[in-house]
Amino acid sequence: FTQHRCQRLDLSGNARNWFLTGSPDSCRNFIGRGLRCLLNVPNTEVYKNAHHVSGRLCFQSSLPLGEKITSLQISSVGQFPHHFSAWNIQTIRSFHTTPSVQAAPVPLFWIIVKPAQKLFAIILGRSIRNWWKALPPNKRELFKESARKNKWKILLGVSSLGVLFVVFYFTHLEETPITGRARLLVFGKEHFRELSQMEYDMWMEEFKSKMLPETDARYQVVERVVGHLSESNKDIPQVSVLKWVIHVVDEPGVNAFVLPNGQVFVFTGLLNAVSDIHQLSFILGHEIAHAVLEHAAEKASLVHFLDFLSLIFLTMIWAICPRDSLAVVGQWIQSKLQEFMFDRPYSRTLEAEADKVGLQFAAKACVDVRASSVFWQQMELAETIQGQPKLPEWLSTHPSHENRAEHLDRLIPEALKIRESCNCPSLSGPDPRLIFKLNMQHLLESSKDQEPPNSTKQDLSKQKLDVPHI
């Protein structure tokens, strides 16, 4: 099992093993009382008066979403105010709707044998080293001479092994649904049905006393958002084939995740953290995209392929290094190189793809897609105010909040065209990105007037406030 941990803090105190890429972090949100008046973005009536279109591209939901869903802020008693103040929320240290650290689900057989494979490689490499040390000098020379004479045969054998890996890789390439990206897929989704059910049972057992009833207003909001997203994208076979089942957990963690079998889990902390229905729709669209694009199976396939290759290098490390201590260091370096050169960049690629597809899902559901980048700007602001250090993006499995917002800003024009092609009602009111920028400027001016020159809030001036020209 691959462990899932928060990037900077494991509040649970216990390392846990999660099966699937859709598993959530354990990161908790932190209250920032000084932010309660920062932003007040009026909601746009997204779902009312939406045109019903029949066609291959756009399907507008026939669900009666009603007035409740247009104002998202939810109090502890389930009442909805007339508008939602985006920073009347809990400031969070970190937010990832998907795991912070790599999580490659693999079939049960490989989960069991993976530690045995690594142990076998270490024992084999160490045995080769000890065997070589025990040889008399004259026999060592004989082996070296034999290797020189048969170097072409050895090279041919190694090349043949390399060709086998290359052939295996290219014969297992498939096309990603929707995006058409070529990817390695060793394990199909059928391998994950049992694991999905196992993880579902685990979460239901853990949160059985915290599940909100279907009569709760917060549950109804999530149910209607997911229902509208799936109804609006039912032209996509991977969306229509799954039965999306909603679970809302009364937990302060800012999290949401979707299992490959369509089980949707949303924490109430996320409902408190989003500023409006548009942001929630985008986030849930992002999570649904992970399931639709089969990212769990894809990540499992890549990690399994790389792990199998690493067994060869692991054997060589333990065979070549003269001492066990050096071999341990070499093994650690090899694992870190794999992590930072392949695993983490690949995870960031999958996150960016889920953002793109999730934005398209939201656009076809007539959501104000412009609010998507504002969400990540809010996350970046929250971390800055909390004084959290900014780690380089290459250390993370997720894109940085700033880069994520910029990436979404580049995708928003295309999403707006998709929205328009679906005959969605025109967006009214100012751009939420502009509202966020103006409120940021107001906050900066207020902090300059109220705080000493060396105040930590002066760090807000470092925030990037630019938004696309409006």
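Shape index of region 336-390: Rg/Rh, with Rg the Cα radius of gyration and Rh the Kirkwood radius from the inverse mean 1/r over Cα pairs, equals 1.12.
Ranked from highest to lowest mean number of other Cβ atoms within 10 Å per residue, what is the order of the peptides 118-130, 141-153?
Top of the packing list down: 118-130, 141-153.
Cα-based radius of gyration for region 350-422, normalised by 2.2 N^0.38 Å, reads 1.20. Comparing Cα centroids, region 422-449 and region 121-176 end up 62 angstrom apart.
Need one number: % antiparallel among DSSP beta bridges in region 189-445, to the nearest 5.
45 percent
If you sort Asp409, Asp235, Asp276 by accessible surface, 1.4 Å probe, largest first, the order is Asp235, Asp409, Asp276.
Take Lys139: with every protein chain present and a 1.4 Å probe, its accessible area is about 100 Å².
Each residue was assigned an accessible area with a 1.4 Å probe, and for Tyr219 the value is about 20 Å². Relative contact order of region 258-408: 32 percent, from C-alpha pairs under 8 Å at least 6 residues apart in sequence.
Distances between every pair of Cα atoms in region 189-445, grouped in 5 Å steps from 0 to the bin holding the largest one, split as 1, 6, 11, 14, 15, 16, 13, 9, 6, 4, 3, 2, 1, 0, 0 percent. For Met379, Met198, Met316, the ranking by accessible surface with the largest value first comes to Met316, Met198, Met379, using a 1.4 Å probe. The packing ranking of peptides 345-358, 239-252, highest mean first, is 345-358, 239-252, where packing means the average number of other beta carbon atoms within 10 angstrom of each residue. Its alpha carbons considered, region 164-212 gives a radius of gyration followed by a Dmax of 17.1, 52 Å. The relative contact order of region 189-445, computed from alpha carbon pairs under 8 Å that lie at least 6 residues apart in sequence, is 17 percent.
The values are calculated or read from the model by the stated rules, or taken from the named source; none is laboratory data. Bear in mind the structure is a predicted one, so any value in this text is a computation, not a measurement. Glycine also receives a Cβ, built like all others from the backbone with ideal geometry; neighbour counts cover every protein chain displayed. Heavy atoms of the whole protein, side chains included, go into the accessibility calculation; ligands, DNA and RNA do not. Shrake-Rupley method; radii C 1.70, N 1.55, O 1.52, S 1.80 Å.
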